[in-house]
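Asks: Below is one structure. I have some questions about it.
Please treat every number below as a calculation from the coordinates, not as lab data. Worth saying up front: this structure is predicted, and the values here are computed from it rather than measured. Virtual Cβ from ideal backbone geometry, glycine too; neighbours counted across all protein chains shown.
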Amino acid sequence: MIPFIHSHACDFIRDRVAPAEPINEGKQTPMRGHPVFITQHAIATCYRGCIEKWHKFPKGRELTKSEQEYLVSIIMKWIKMQNS
């Protein structure tokens, strides 16, 4: 199950928040429906404003691969903590 969720986390970060100007900024991450979405809201990785405020990755530029990997890693850590 965890590899499946990890794959989704990678996709969601890459497609929904990594672009310099994400589509529907501030509304691109639903509040429910998938463990990754719920976690993104819990740890401030749901949209670029939160990411800039809490993780210090500036808005207006594409997230680097290492920044995306960092966000996915903390998403997965949170999910694992909630399930232990």
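Asks: Scan Arg48, Arg32 and give me the residue that is in contact with a Lys or Arg (Cβ under 8 Å, 6 or more places away or on another chain) and among the basic types (Lys, Arg).
Replies: Arg48
Asks: Return yes or no: is Met81 out of contact with any Gly (no Cβ under 8 Å at 6 or more places or on another chain), aliphatic (A, V, I, L, M) and surrounded by fewer than 12 Cβ atoms within 10 Å (Cβ to Cβ)?
Replies: The answer is yes for Met81.
Asks: Which of the residues belonging to the range 49-84 are among the charged types (D, E, K, R) and farther than 13 Å from Phe12 by Cα?
Replies: Matches in the range 49-84: Glu52, Lys53, Lys56, Lys59, Arg61, Glu62, Lys65, Glu67, Lys77, Lys80.
For every residue, the table says whether it meets (1) under 12 Å from the mean Cα position of the chain (by Cα); (2) in a loop (DSSP other than H, G, I, E, B); (3) surrounded by 11 or more Cβ atoms within 10 Å (Cβ to Cβ); (4) not hydroxyl-bearing (Ser, Thr, Tyr).
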residue	(1), (2), (3), (4)
Phe12	yes, no, yes, yes
Glu21	no, yes, no, yes
Asn24	no, yes, no, yes
Lys27	no, yes, no, yes
Met31	no, yes, no, yes
His41	yes, no, yes, yes
Cys50	yes, no, yes, yes
Glu62	no, yes, yes, yes
Leu71	yes, no, yes, yes
